[in-house]
Amino acid sequence: MAKERRSKLKSESISGAFYAGSAFLIWGLGPIYWKALTEVPSLEIIVHRVVWAFILLLTAVIIGKFWAEFITALKEFRVLLTLLLTAAILAGNWLLYVWAINNNYILQGSLGYYINPLVNVVFGVLFLKERLRQAQIVAVLLAGLGVAYLTFSYGEFPWIALTLASSFGLYGLIRKVAPVGALVGLSIETMLMLAPAAVYLIYLEADGSAAFLRGNINIDLLLLGTSALTAVPLTLFTAGTKRLNLSTVGLLQYMAPTLMWLLAVFYYQEPFSMAQLWTFIMIWTALIIYSTDSVIYFRRER
């Protein structure tokens, strides 16, 4: 019996790593997809992402039999208000992310998602009254030192990285308050974005400046495909987190910014100065300290 249980747990861990790893792989290689839409304004890309993602997510809610949870969440005013706030934060995060990629700031995007776990730690202290362990304090201070070094040495404040990290951290923090699953929550968030997105698309069509259905079938398919790029990795991520320890998920999440960094430096050949290199080294060191401490703490608690 115990052998069967161990075998089942091992199988669950392998499948969980595959699901979560696939999600981070898609997110990490995402810049290639968004770069293919460079000729389309970032705001137009996002409104298409909202419209088509909502249609796909709503279909998934119905097929997956989450309709009852979806309706219940809509009836709860507090939940709806919370999701309205997170929808606004998410829309801003999406817009800045796509704009950054298509304006050759992939490195800053990568830096932002490296910093995000440490921003979550800071938010936990500020808003949830959590206490930091010594290793976490060292990691956060080292990351802060890296950002400060980049600002003063390179002469450029990494506002894109910090805005992406803080907005996504804030999104996760507020979503903790809403008692709703990932699929249903994102479905409602895209639904709340739907009206302004549809109005903007109608305006673009009336103005004659819309990119959609203007004879470029590749652009049309890529815009439609933003729905899958939104829903598929989220579904894989959710499936993975159900089967894995949080510490394992925490380590796997660095796949995405690492792939972004590799794309930025070696494929898109964005300028990479010594100041940026030292900043990344400090951030990577901070994350090694943070991740090692998290794994040790999790095992000790078990």
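Return the only residue of Ile101, Ile115 being at pLDDT 95 or above and either in contact with a helix residue (DSSP H, G or I) (Cβ under 9 Å, 6 or more places away or on another chain) or buried (at least 19 other Cβ atoms within 10 Å of the Cβ) (or both). Only one candidate passes the filter, namely Ile101. Condition check: of a type outside the set (Val, Ile, Thr), modelled with pLDDT of 95 or more, surrounded by 14 or more Cβ atoms within 10 Å (Cβ to Cβ) and part of a helix (DSSP H, G or I). Does Leu173 satisfy that? Considered against the rule, which asks whether it is of a type outside the set (Val, Ile, Thr), modelled with pLDDT of 95 or more, surrounded by 14 or more Cβ atoms within 10 Å (Cβ to Cβ) and part of a helix (DSSP H, G or I), Leu173 comes out as no. Annotation for the stretch 264-283: no member residue is closer than 18 Å to Gly16 by Cβ and within 20 Å of the chain's Cα centre (by Cα).
Take the residues in the stretch 286-302 that are touching a helix residue (DSSP H, G or I) at 6+ places or on another chain (Cβ under 7 Å) and surrounded by fewer than 16 Cβ atoms within 10 Å (Cβ to Cβ), then tell me which one is farthest from Gly146 (Cα to Cα).
Step one: of the stretch 286-302, the residues touching a helix residue (DSSP H, G or I) at 6+ places or on another chain (Cβ under 7 Å) are 286-287, 289-291, 293-295, 298.
Of the ones still in play, those that are also surrounded by fewer than 16 Cβ atoms within 10 Å (Cβ to Cβ) are 295, 298.
On the way: Val295: 24, Phe298: 27 Å.
Applying the filter and picking the extreme gives Phe298.
Any residue at all in the stretch 264-286 that's touching a His at 6+ places or on another chain (Cβ under 9 Å) and at pLDDT 90 or above? Within the stretch 264-286, not a single residue is touching a His at 6+ places or on another chain (Cβ under 9 Å) and at pLDDT 90 or above. Look at Leu150 and say whether it is among the aliphatic types (A, V, I, L, M), more than 21 Å from the chain's Cα centre (by Cα), over 12 Å from Asn116 (Cα atoms) and exposed (fewer than 15 other Cβ atoms within 10 Å of the Cβ). No.
Considering each residue of the stretch 173-181 in turn, at least one proves to be closer than 30 Å to Tyr297 by Cα and among the charged types (D, E, K, R). Taking each residue of the stretch 124-140 that is over 23 Å from Met282 (Cα atoms) and surrounded by fewer than 16 Cβ atoms within 10 Å (Cβ to Cβ) and looking for partners that are of a type in the set (Phe, Trp, Tyr) and modelled with pLDDT under 80 with beta-carbon atoms closer than 7 Å, six or more apart or interchain, yields nothing. Looking across the stretch 176-220 at every residue that is β-branched (Val, Ile, Thr) and under 27 Å from the mean Cα position of the chain (by Cα), the one that is modelled with the lowest pLDDT is identified as Val177. The selection criterion, being of a type in the set (A, V, I, L, M, F, W, C) and free of Cβ contacts under 8 Å to residues at least 24 places away in the same chain, does not hold for Leu244.
Any chance the stretch 19-34 includes a residue that's more than 17 Å from the chain's Cα centre (by Cα), of a type outside the set (Val, Ile, Thr), crowded, with 18+ Cβ neighbours inside 10 Å and in a helix (DSSP H, G or I)? Looking for residues that are more than 17 Å from the chain's Cα centre (by Cα), of a type outside the set (Val, Ile, Thr), crowded, with 18+ Cβ neighbours inside 10 Å and in a helix (DSSP H, G or I), one finds none in the stretch 19-34, hence no.
Before we move on, is Leu244 touching a helix residue (DSSP H, G or I) at 6+ places or on another chain (Cβ under 7 Å), over 20 Å from Ile101 (Cα atoms) and crowded, with 17+ Cβ neighbours inside 10 Å?
Values: touching a helix residue (DSSP H, G or I) at 6+ places or on another chain (Cβ under 7 Å): yes; over 20 Å from Ile101 (Cα atoms): yes; crowded, with 17+ Cβ neighbours inside 10 Å: yes.
So Leu244 passes the test.
Checking each residue of the stretch 63-81 against the condition of being surrounded by fewer than 22 Cβ atoms within 10 Å (Cβ to Cβ) and touching a Phe, Trp or Tyr at 6+ places or on another chain (Cβ under 8 Å) gives no match.
The values are calculated or read from the model by the stated rules, or taken from the named source; none is laboratory data. Since the model is a prediction, treat every value here as computed from it, not as a measurement. FYI the Cβ positions are ideal-geometry reconstructions off the backbone, even for glycines, and counts take in every protein chain you see.
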